[in-house]
Each structure stands twice: as structure tokens, then as C-alpha cells.
Amino acid sequence: MKPFISTLLAATLAGASFAAVAQPAGPGPWGWRFGPPGFYYQEKQLDRATIEKKAKAILDGASKGQSWNTPAGARIPIQSGKDVVGNLWEDKDLKSLGVGAYWAGRFGTNAELVADGKVVGMLWVK
């Protein structure tokens, strides 16, 4: 082998063996309650009924703000008072939206807003 390739192969094997030793025991570092180092750590599973109830309560008292365009498309803020609690990517009626997938984030729970089987926005549920 050429010296460069053999050195590269040795470095790759050494790195792979170190990575295998450095992993914690158990199912792995990434699961439903784990996040990247330094980020949010969820201690309990989120209840779907609670998230849907909170999301509906937020949407019932919310209004749509001034829309703007980005290279990715339109953005319409969802406002509760003066606070922005989410955004829409398509102009839909807030009362007709459903809750799709959700997950715990660093500052609360993020929930997808769904209309006609399509994700049309995001909502931050505290």
C-alpha cells in the first residue's frame, strides 16, 4: 500500500475503535428522551391528549399576524396577544387546524399544525 493510504486506514481504524469504546452502555445515546450534548433532556414522555388540549386552547385565543415572504415561501405568525406562539406556512383557518407530530424542545413542546393531511405550520406549546 501507499504510505498515505495505510496511514489513513490506520487513523480510521483507531478512530472507529475509540468511538466504539466511548459509547455509553445501554440502547445508545439517542432515544426519545435524549438530545445532543448541552441541549434539552426530556425526563418523561409527553401525553398526546394534554398536548392536543393545550394546542387547541392556544389556537382558540390566537390570531394571525402580518405575513411575509421568504425564499422558502410565506410565513404567517400565530399571535397570542403580542407573543408569537407559532407560524403558518400556508394561509389556513386557525380553528380548523389539527395537531400532528410533537416533541419536547428546549423551551417547551413543538407541535406540527396539520390541515387536510398536510403539515402547514408549527406551534410552541408550553
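Each value in this text was obtained by applying a stated rule to the coordinates, not by laboratory testing. None of these values were measured; they are calculated from a predicted model. All Cβ positions, even for glycine, are placed from backbone atoms using ideal geometry, and neighbour counts span all protein chains on display.
Tell me which chymotrypsin sites (Phe, Trp or Tyr not before Pro) from segment 89-126 have a DSSP coil assignment and no more than 11 other beta carbons within 10 Å of their own. Write down the numbers at each step before the final one.
Working: sites: W89, Y102, W103, F107, W124; in loops: W89, F107.
Listed in order of number, the matching sites are F107.
Could you compute the net charge surrounding E112? Neighbours are other residues with a C-beta less than 12 Å from the C-beta of E112; K and R count +1, D and E count -1.
Working: positive: K118; negative: E52.
Counting the neighbours of E112, the net charge comes to 0.
Kindly identify segment 74-126 as rounded, prolate or oblate by the Cα gyration tensor criterion: order the square roots of the eigenvalues as a ≥ b ≥ c, call it rounded if a/c is under 1.5, otherwise compare a/b with b/c, prolate if a/b is larger, else oblate.
Details: a/c = 1.94, a/b = 1.17, b/c = 1.66.
It is oblate, given that a/c is not under 1.5 and a/b is not larger than b/c.
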